[in-house]
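Engineer: Below are the structure tokens for one structure; questions will follow.
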Amino acid sequence: MSEAVAPDPGSVRELLAATGDDPGELSLSRIPGGASREVYAVEAPGGARWALRRDPPGSQSFLPLRTEHGLLAAAARAGVPVPEPLAFEDEGGAFGTPGFLMRFVAGDSVAPRLLRKGGYATARERLPADLGAALARIHAVDPGGVEGIFVPDGDPALAACEMWEAELDRIGEPLPVVEAGLRRLRLSPPPPPASPALVHGDFRLGNFIVDGDGLAAVIDWELAHGGDPTEDIGWLTIRSWRFGNDDLPVCGIGDVEPFLVAYEEAGGTRPDPESLRWWEAMGNVKWAVICARQAKDHRDGTRPSHELASLGRRICEPEWDLLENLGGASSASRPGVPGGGL
């Protein structure tokens, strides 16, 4: 498969000019990161900046970009810090493939830099509380009010089992640990929420833009859906998102308790420890399947990529953590979140 052609700066300029303000000649540069979608920085001679997010040719994501564009607007209305969405284009439009333009948010999203650079010391102190408050606002959004968002008819936990089992079958790669985990999780689902909440689906370090003061924006909403809000917290606390700081369950930055306090103060409901443990185990299932899917896309030529190939080598990490979950350990175990088996 040939390498994707970058969006045409002239077409992007025409789109911006149609809104009433011609920015002049534009330059586009690819922002590294993101295994599923492309993001470009768009810059005008005067220093004005935007971000362009689009589907690469041949990509397949869980949420259409048109839905993601509308979702950003709904999240902004709820007080979630997000990049302001501006204009959406369908296939064959100004961006070549489906995509949307949004305001540029300054900061960094690369986990190793956020965890270790001295310039982010203040941000690291504030981030657990910032994330708790932002996630509570996300969960306050009615998913039924956003066109195109999938909301399961029944129990969100069992719907997650069915979804990731079906995705594993589609990939066709035998992953015995994941299959055993799914069987165990089906036998002990947590109580469903009274009503479905908007779930970000990929709320973790790498999908936050952080500046020197803390959280600047929540990005990458391509796994968003309606469901159990505890899913986002379980996903946030899996060991894969700590990048070596294993003793700090919230992004390798902090403990669970300050995060949960801020989540409650912003209107969220503290999750039941057993439910949180179940969703942490499901998070490890989900990450293992996503790694397998990305590796398959590389192997079959859908999207040849060294990054996707390397993700295939990471499957063993969430498998190991899943076995620990099933055996009675919880990597989110901290004060207020006791350990125990599933």
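Engineer: Going by the structure shown, is ALA266 surrounded by fewer than 19 Cβ atoms within 10 Å (Cβ to Cβ), at pLDDT 95 or above, of a type outside the set (Ser, Thr, Tyr) and out of contact with any Cys (no Cβ under 8 Å at 6 or more places or on another chain)?
Structural biologist: yes
Engineer: Let me ask something else about it. Checking ALA48 against (1) out of contact with any Pro (no Cβ under 7 Å at 6 or more places or on another chain); (2) open to solvent by 40 Å² or more (accessible area, probe 1.4 Å); (3) over 30 Å from GLY267 (Cβ atoms): exactly one of these is not met. Which one?
Structural biologist: ALA48 satisfies every listed condition except (1).
Engineer: Exactly one condition in (1) surrounded by fewer than 21 Cβ atoms within 10 Å (Cβ to Cβ); (2) farther than 26 Å from ILE290 by Cα is false for GLU91; which is it?
Structural biologist: Checking GLU91 against (1) surrounded by fewer than 21 Cβ atoms within 10 Å (Cβ to Cβ); (2) farther than 26 Å from ILE290 by Cα, the one that fails is (2).
Engineer: Might you let me know whether region 120-131 holds any residue that is more than 20 Å from VAL250 (Cβ to Cβ) and in contact (Cβ under 8 Å) with a residue 24 or more places away in the chain?
Structural biologist: Within region 120-131, not a single residue is more than 20 Å from VAL250 (Cβ to Cβ) and in contact (Cβ under 8 Å) with a residue 24 or more places away in the chain.
Engineer: One residue is enough: does region 143-162 have a residue meeting the conditions within 22 Å of the chain's Cα centre (by Cα), surrounded by fewer than 17 Cβ atoms within 10 Å (Cβ to Cβ) and without any contact (Cβ under 8 Å) to a residue 12 or more places away in the chain?
Structural biologist: Yes, the conditions are met somewhere in region 143-162.
Engineer: Scanning for something in a helix (DSSP H, G or I), modelled with pLDDT under 75 and open to solvent by 10 Å² or more (accessible area, probe 1.4 Å), does region 274-283 turn up at least one residue?
Structural biologist: No, region 274-283 contains no residue that is in a helix (DSSP H, G or I), modelled with pLDDT under 75 and open to solvent by 10 Å² or more (accessible area, probe 1.4 Å).
Engineer: I've got another one for you. Can you tell me which of (1) in contact with a strand residue (DSSP E or B) (Cβ under 9 Å, 6 or more places away or on another chain); (2) closer than 22 Å to ASP108 by Cβ; (3) modelled with pLDDT under 90; (4) not aliphatic (A, V, I, L, M) is the one SER27 doesn't meet?
Structural biologist: With respect to (1) in contact with a strand residue (DSSP E or B) (Cβ under 9 Å, 6 or more places away or on another chain); (2) closer than 22 Å to ASP108 by Cβ; (3) modelled with pLDDT under 90; (4) not aliphatic (A, V, I, L, M), SER27 is out only on (3).
Engineer: Cβ-Cβ under 8 Å, sequence separation 6+ or interchain: first residue in region 9-29 and free of Cβ contacts under 8 Å to residues at least 60 places away in the same chain and open to solvent by 40 Å² or more (accessible area, probe 1.4 Å), partner part of a helix (DSSP H, G or I) and of a type in the set (D, E, K, R). Which pairs?
Structural biologist: The qualifying pairs are ASP22/ARG13; GLU25/ARG13.
Engineer: Could you list, in sequence order, the residues of region 178-206 that are buried (at least 19 other Cβ atoms within 10 Å of the Cβ) and touching a residue at least 60 places away in the same chain (Cβ under 8 Å)?
Structural biologist: VAL178, GLY181, LEU182, LEU185, PRO190, LEU198, VAL199, HIS200, GLY201, PHE203, LEU205
Engineer: Condition check: touching a Ser or Thr at 6+ places or on another chain (Cβ under 7 Å), surrounded by fewer than 19 Cβ atoms within 10 Å (Cβ to Cβ) and either closer than 24 Å to ARG293 by Cβ or touching a residue at least 24 places away in the same chain (Cβ under 8 Å) (or both). Does ALA41 satisfy that?
Structural biologist: Answer is yes for this residue.
Engineer: Check region 117-131 and report whether any residue there is of a type in the set (Gly, Ala, Ser), closer than 19 Å to ARG277 by Cβ and open to solvent by 10 Å² or more (accessible area, probe 1.4 Å).
Structural biologist: no
Engineer: Could you tell me which of the residues GLU167, GLU173 is under 21 Å from the mean Cα position of the chain (by Cα) and in contact (Cβ under 8 Å) with a residue 60 or more places away in the chain?
Structural biologist: GLU167
Engineer: Right, here's the next one. Looking at VAL82, VAL105 in this structure, which one is under 18 Å from ALA41 (Cβ atoms), buried (at least 21 other Cβ atoms within 10 Å of the Cβ) and touching a residue at least 40 places away in the same chain (Cβ under 8 Å)?
Structural biologist: VAL82
The values are calculated or read from the model by the stated rules, or taken from the named source; none is laboratory data. Just so we're clear, the structure is a prediction, and the values are computed from it rather than from any experiment. So basically every Cβ, Gly included, is an ideal-geometry build from the backbone, and we count neighbours across all protein chains shown. Surface areas here come from the heavy atoms of the whole protein model, side chains and all, with no ligands, DNA or RNA. Shrake-Rupley method; radii C 1.70, N 1.55, O 1.52, S 1.80 Å.
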